[in-house]
Amino acid sequence: LVSIGSKDLSGGARPAPPERPEALIAFILENFHAIHRAELPELQRLAAKVERVHGDHADCPAGLAKLLLTMEADLEEHMHKEETALFPMFAAGGGACAQFAVRRMLAEHDDHTKALLRLAELTCDFTPPVGACGSWRALYKGCAKLNADLREHIRIENEVLFPQFS
């Protein structure tokens with residue numbers, strides 16, 4: 001069980017994603033969109049705390065709170081596009097515009113992947129320094145979970161959902 005503050009981030013074994021588009025979209029909304037929205041604010045809070053308290057430590061992840069804030073804004077914009085345009089388009093059967101929309105989402109997924117690389121860099125591959133406080137350790141566990149969740153989110157959309165409409 002991984003916990004960040006009072007938030008449960010256990011990330012237990014997730015069931016295999018369904019293949020039917022309607023069920024897969026519901027799966028994505030529940031297992032990724034909702035989770036990202038719930039967990040990112042707490043990660044930002046912890047990052048700001050660690051930077052404030054340990055700013056003079058050589059391994060302090062300076063800039064991590066800002067990166068997480070940017071990631072949250074970018075993800076929120078991306079998920080909003082999916083929820084209000086792309087997923088309803090898929091539910092209606094796709095159509096000619098779906099291919100254009102999928103290409104745009106793939107490009108945004110590339111941007112999210114670049115942000116994840118920066119996240120790993122700032123957190124020394126999610127490895128807190130020896131003697132790190134509980135907040136610092138929880139922050140890095142939460143960032144590792146975000147990394148794993150977002151990578152799986154992107155993989156499922158890129159490899160399972162989008163090919164059905166492109």
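The values are calculated or read from the model by the stated rules, or taken from the named source; none is laboratory data. This is a predicted model, so every value here is computed, not measured. Cβ sites come from the backbone with ideal geometry, for glycine too, and all protein chains shown count toward neighbours. Protein only, heavy atoms only, side chains kept; ligands, DNA and RNA dropped before computing areas. Shrake-Rupley method; radii C 1.70, N 1.55, O 1.52, S 1.80 Å.
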Spin-label point model (7 Å from Cα, Cβ direction): what's the V160 to F100 distance in nm?
2.9 nm
Debye sum, Cα scatterers, segment 67-158, no solvent: what log₁₀ I/I(0) at q = 0.14, 0.21 1/Å?
-0.58, -1.02
In the chain, lysine pairs closer than 22 Å at Cα, eight or more apart or cross-chain:
13
Relative to the first principal axis of the alpha-carbon coordinates of the chain, what is the inclination of helix 96-122, with its axis defined by its Cα atoms, in degrees from 0 to 90 and to the nearest 10?
10 degrees
Segment 92-107 and segment 133-166 have their Cα centres apart by a whole-number Å value of 22 Å
Show me, bin by bin at 10 Å from 0, the whole-percent P(r) of segment 83-128 based on Cα pairs.
24, 33, 21, 17, 5
In degrees, nearest 10, the alpha-carbon axis of helix 64-81 is tilted away from the dominant principal axis of the alpha carbons of the chain by 10 degrees
Using a 7 Å offset from the Cα along the Cα-to-Cβ direction at both T127 and E152, what is the distance between the two label points in nm, to one decimal?
2.4 nm
Can you give the angle from 0 to 90° between the axis of helix 134-156 and the longest principal axis of the chain, with both taken from C-alpha atoms, to the nearest 10?
20 degrees
Which value, in Å² and to the nearest 10, is the accessible area of R14 when all protein chains are kept and the probe is 1.4 Å?
80 Å²
GNM top mover of F27, F126, F100 - the chain, alpha-carbon springs below 10 Å:
F100
